[in-house]
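Values quoted throughout were computed directly from the atomic coordinates according to the rules given, and no laboratory measurement underlies them. All values derive from a computational prediction rather than experimental measurement. Because the Cβ atoms are built from the backbone with ideal geometry, glycine has one as well, and the counts that use them run over all protein chains shown.
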Amino acid sequence: MIREDPDELWRPRLSRWEAACHAARVDTWLLTTMAARRFVEGEWDDEADLAGELDTYNFDAGLPAGGRVAVDRVDLTTMEQLRALGTEVVDAGPILAAARRPRAAAEQAVLIEGHQLTELAVKATMPRIRVGMTERDVSGVFAEEAVRAGLTDPHIDQVWTVLPKSARDAPWAWLGHPPYRQLTSSRALVVGDLLALDAGYLHHGYMTDVGWTFVVGRESNAAERRLSSAWRAVAERVEAAVRPGATAVDLREAALDGWHGGSPPWPFPLYVAHGVGWASIEPPLAGTDLPRDAEAAMVIEPGMLLLIEPYVWEEGVGGFRAELAIEVTDDGSRRVSRLPVWEWRTVG
């Protein structure tokens, strides 16, 4: 468990942010989103505090004239106004990226603890799932268990969804990618459904991300076990490629090495692997629709927490998707996931 005061975790972030601004020779940073402001100084106690903090950066109060300004998100009109004032405008993205790492030990401990608390909520939810419950019912049960585990700040609507067994049953399918579904609906669970989970919370502001797939009401069959075995092979190839100095391209190529399943083994527009950190996912992002050069520029560093999340699908059988959490070490990686997400489990 965390030994440092979580309310003080923003201090190392602020220190990194100030250093990154100095290195980029930035005079001012226009923070135009709540997420950016929270990144720098942490949480607020109430909406009044939030309004007071953001007022400093209200454009109505006047734009900075001259100097070098880093901007995260602004409209074109504001951009033109800044340039008309003789202000040099630069992208705040690299500054944000530089300010995210290297994380302090206390930040990393919170990040890992949040992941494991989310796993505890998943484990507590599994025996409560029943045939006939709707996907939304299951999501509600999971929310209860998450609160019991100490998680109260969801960063997404928790996804509990039955994966399609035929391409015609998928709500969307992109050419060259496996049919997928990531919607929680009023659909009732029946025996034989393949129920996938994609869950995430903010634990003291640091993102958790857990995924797994279950069989409803019966044991997995041979065809389904073939899916999970293929998923595990892809995930372990990617895991073996994780090391300091490798890039997102290396992870993508590891996933595809020896893969003969036709479409890539991950759902579009998601990834085969990505990082998590303060408030959101973060690079490296492997398996995106970005140019190869963009993924080649995403270098893996010690202290990153990565989620490896292939998706293997077969017409008439269905799909298997899960997320394996690993921490990048000085000489490789270590597993953070405690649940056996590479294997089927029966619920209901």
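Take the chain and mark each of the chymotrypsin sites (Phe, Trp or Tyr not before Pro) that is in a DSSP loop with at most 15 other Cβ atoms within 10 Å; the longest unmarked stretch, sites excluded, is 175-348. Could you list which residues have their amide H under 5 Å from that of Gly277, counting only those 5 or more apart in sequence or on another chain, with H placed in the peptide plane? Hits under the 5 Å cutoff: Met207, Glu282. Given a 10 angstrom Cα cut-off, can you work out which residue in Ala23, Ala124, Ala109 is the most mobile in a GNM of the chain? Result: Ala23 has the largest fluctuation of those listed. Ranked for footprinting exposure by Cβ neighbours inside 10 Å, fewest first, Asp153, Asp331, Asp193, Asp137 give Asp331, Asp153, Asp137, Asp193. One chain, two ends: Leu290 and His22. Fully extended at 0.36 nm per residue, the span grows by 93.5 nm beyond their Cα-Cα distance. Between Glu8 and Ser166, the distance separating the two model label sites (each 7 Å from Cα on the Cα→Cβ line) works out to 6.1 nm.
For the options Ala222, Ala279, Ala230, a Gaussian network treatment of the chain with springs between C-alpha atoms closer than 10 Å singles out Ala222 as fluctuating the most. In a simple Cβ point-charge model (Lys, Arg +1; Asp, Glu -1; nothing else charged), segment 68-128 has a dipole of about 240 debye relative to its Cα centre. For segment 245-348, run through the trypsin sites (Lys or Arg not before Pro) and keep only the ones in DSSP coil with at most 13 other Cβ atoms within 10 Å of their Cβ. For trypsin sites (Lys or Arg not before Pro) across segment 245-348 that sit outside H, G, I, E and B with at most 13 neighbouring Cβ atoms in 10 Å, the list reads Arg338. For Ala254, the shell of other residues with beta-carbons less than 9 Å away shows a net charge of -2, using +1 for Lys and Arg and -1 for Asp and Glu. Relative to the longest principal axis of the Cα atoms of the chain, the long axis of helix 222-241 lies at roughly 30 degrees. For the chain, a Gaussian network of Cα nodes joined below 10 Å ranks Val328, Val191, Val242 by mean-square fluctuation, and the top entry is Val191.
Over the chain, Cα pairs under 8 Å with separation of 6+ residues give a relative contact order of 16 percent. Over all other residues within a Cβ to Cβ distance under 13 Å of Arg187, the charged ones net out to -2, with Lys and Arg as +1 and Asp and Glu as -1. In this structure, Arg68 and Lys123 have a Cβ-Cβ separation that, at R0 = 41 Å, corresponds to a calculated FRET efficiency of about 0.25.
Counting 0.36 nm for each residue step from Ala240 to Glu253 and taking away their Cα separation leaves a gain of 3.5 nm.
Which listed residue (Tyr206, Tyr180, Val90) has the Cα farthest towards the positive end of the charge dipole for the chain, taking +1 on Lys and Arg C-beta and -1 on Asp and Glu C-beta about the Cα centre? Sorting the options by dipole projection puts first Tyr180. Between Ala297 and Ser186, the simple label model (points 7 Å from Cα in the Cβ direction) yields a spacing of 4.7 nm.
Across segment 141-155, coupling constants 3J(HN,Hα) worked out from phi with the 6.51/-1.76/1.60 Karplus curve, θ = phi - 60°, read 4, 4, 4, 4, 5, 5, 4, 4, 7, x, 10, 10, 10, x, 9 Hz, and Gly and Pro carry x.
Using Cβ point charges alone (K and R +1, D and E -1), the dipole size of the chain about the Cα centre works out to roughly 1240 debye. Taking the Cα centre of segment 179-258 as origin and assigning +1 to Lys and Arg Cβ atoms and -1 to Asp and Glu Cβ atoms, the resulting dipole is close to 200 debye.
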